[in-house]
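Below you'll find the structure, written out as structure tokens, and then a few comments.
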Amino acid sequence: MQISAITKIYKVSKVKRMIEEKLALSIPSPCEPFQPNWKHADKLNLFVKRDDLIHPVISGNKWRKLKYAIDELPKHTSRVVSFGGGYSNHLHALSFVCNELGIPFTAIIRGDYSASPTPMIKDLLSWNSELLFVSKKEYQLRESSEYLLNIKLRYPDAEIIPEGGKQLSALKGVGEIIEELTFKPDYVLVPVGSGATLAGLIPKLSISQHALGIAVLKGKGYLETEVERLLPSSATNWSINHDYHHGGYAKRSPELTQFCQTFAQNNTLLIEPVYTGKLFYAAKKLIEDNYFRSGAKILIVHTGGLQGARD
Ligand SMILES: *Cc1c(COP(=O)(O)O)cnc(C)c1O
């Protein structure tokens with residue numbers, strides 16, 4: 001009895017390792033000191049968690065969020081189905097992973113890109129994904145139980161993964177960002193889209209550590225509720241800053257565009273304007289405004305996403 005139980009545990013962790021090995025992922029991702037030439041940055045200890053280096057294709061936090069969803073796919077799964085926009089980092093990562101693992105994948109895409117496919121969509125086609133372009137109106141139904149039931153009828157034994165990979169198991173995968181650290185940061189900074197990444201970090205932090213989310217879209221109140229809904233307990237050591245969304249999701253201001261360009265000239269790491277550009281922009285402003293106490297250890301999580309900036 002005991003021996004078979006141990007064998008079973010061993011097999012599970014071996015399967016997990018096999019996926020990470022097969023995809024040649026750099027896990028744990030590197031954590032690097034960061035010394036920008038920003039005013040007051042020299043009074044702080046800044047680090048960047050390089051989740052953008054996990055894999056050349058699979059975008060950083062999207063792997064964290066998908067890891068357990070992929071690991072825990074039921075044996076009889078015949079197909080994976082998910083949702084996203086025409087530049088989606090989530091669809092991009094998931095399509096690549098499914099193709100590598102030999103699982104058929106269907107992407108339900110908001111809007112019709114058949115006449116002018118984005119680089120993301122071209123990649124999905126090259127990875128043998130099935131693409132379904134749907135109207136904005138139909139796309140709004142993506143969480144309704146009736147719509148999901150119809151997908152199940154069309155594709156029996158399909159596993160449906162929500163937009164952005166924001167299923168509950170995403171939090172467990174994201175939490176590993178903190179488990180990989182060899183020091184205890186006072187602040188952890190991440191961009192906030194759906195809030196799942198922020199929510200995944202919080203349970204892994206102690207009460208003296210603060211998770212600071214930077215909203216990339218207009219969602220004051222709404223985003224806080226989303227994070228609270230995902231959190232297993234009522235933690236209070238987190239907050240979301242709403243000052244740096246630059247007009248909304250995928251919107252950008254001339255300042256942000258300028259910032260991303262200057263950043264590329266002065267640093268070896270790359271950022272893009274939808275998520276990480278807004279994150280580093282906010283970090284710079286907060287540091288210049290002396291938001292953090294002198295000597296604080298600040299971890300900025302580079303969540304990847306550079307593929308989405310191709311045109
Ligand atoms: C999706 C994404 C985010 C947002 O993550 P959420 O869990 O939805 O808040 C942040 N950064 C990048 C690069 C992303 O692709």
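Details
- Residue selected from segment 76-90 under the condition more than 20 Å from Leu149 (Cα to Cα) and open to solvent by 10 Å² or more (accessible area, probe 1.4 Å), by the criterion nearest to the chain's Cα centre (by Cα): Asn89
- Candidates Asn237, Asn266 - the one that is farther than 25 Å from Gly165 by Cβ, away from the ligand (no atom under 16 Å from the Cβ) and out of contact with any Phe, Trp or Tyr (no Cβ under 7 Å at 6 or more places or on another chain): Asn266
- Residues in segment 248-263 that are more than 17 Å from Gln35 (Cα to Cα) and either within 16 Å of the ligand (Cβ to nearest atom) or hydroxyl-bearing (Ser, Thr, Tyr) (or both): Gly248, Tyr249, Ala250, Lys251, Arg252, Ser253, Leu256, Thr257.
- Search result, residues across segment 274-308 that are more than 21 Å from Leu201 (Cα to Cα) and near the ligand (Cβ under 10 Å from one of its atoms): Leu306, Gln307, Gly308
- Any hit, segment 259-270, residues being open to solvent by less than 40 Å² (accessible area, probe 1.4 Å), touching a Leu at 6+ places or on another chain (Cβ under 8 Å), in the same structural domain as Tyr291 (by TED's automatic domain parsing) and assigned to a loop (DSSP other than H, G, I, E, B): no
- For segment 245-258, residues that are in a helix (DSSP H, G or I) and open to solvent by 20 Å² or more (accessible area, probe 1.4 Å) total 4.
- The single residue among Ile54, Ile58 that is modelled with pLDDT under 95 and within 16 Å of the ligand (Cβ to nearest atom) turns out to be Ile58.
- Listed by position, the helices (runs of 4 or more DSSP H) enclosed by segment 169-244 that each have at least 3 residues that are small (Gly, Ala, Ser) are 169-179, 196-201.
- Only residues that are touching an Asp or Glu at 6+ places or on another chain (Cβ under 7 Å) and buried (at least 23 other Cβ atoms within 10 Å of the Cβ) were counted in segment 178-211, giving 1.
- Qualifying residue in segment 91-101 (condition: aromatic (Phe, Trp, Tyr), open to solvent by less than 10 Å² (accessible area, probe 1.4 Å) and outside any loop (DSSP other than H, G, I, E, B)): no
- Residue check for Ser294: hydroxyl-bearing (Ser, Thr, Tyr), free of Cβ contacts under 8 Å to residues at least 60 places away in the same chain and within 21 Å of Lys184 (Cβ to Cβ): no
- Screening segment 140-166 for residues that are hydrophobic (A, V, I, L, M, F, W, C) and closer than 17 Å to Lys62 by Cα and picking the one that is most open to solvent (accessible area, probe 1.4 Å) gives Ile160.
- Within segment 287-311, the set of residues being open to solvent by 10 Å² or more (accessible area, probe 1.4 Å) and in a helix (DSSP H, G or I) comprises Glu288, Leu306, Gln307, Gly308, Ala309.
- Looking only at segment 49-68, and only at residues there that are surrounded by 23 or more Cβ atoms within 10 Å (Cβ to Cβ) and in contact with a strand residue (DSSP E or B) (Cβ under 7 Å, 6 or more places away or on another chain), the one that is nearest to Ile160 (Cα to Cα): Gly60
- Filter result for Ile240 (open to solvent by 10 Å² or more (accessible area, probe 1.4 Å) and hydrophobic (A, V, I, L, M, F, W, C)): yes
- Single condition Ser169 does not satisfy, out of (1) polar (S, T, N, Q); (2) at pLDDT below 95; (3) surrounded by fewer than 15 Cβ atoms within 10 Å (Cβ to Cβ): (3)
- Summed over segment 144-168, the residues that are part of a helix (DSSP H, G or I) and touching a residue at least 40 places away in the same chain (Cβ under 8 Å) give a count of 4.
The values are calculated or read from the model by the stated rules, or taken from the named source; none is laboratory data. Source: prediction; values computed, not measured. All Cβ positions, even for glycine, are placed from backbone atoms using ideal geometry, and neighbour counts span all protein chains on display. The protein model used for the area step is the full one, side chains on, heavy atoms only, and it has no ligands, DNA or RNA in it. Shrake-Rupley method; radii C 1.70, N 1.55, O 1.52, S 1.80 Å.
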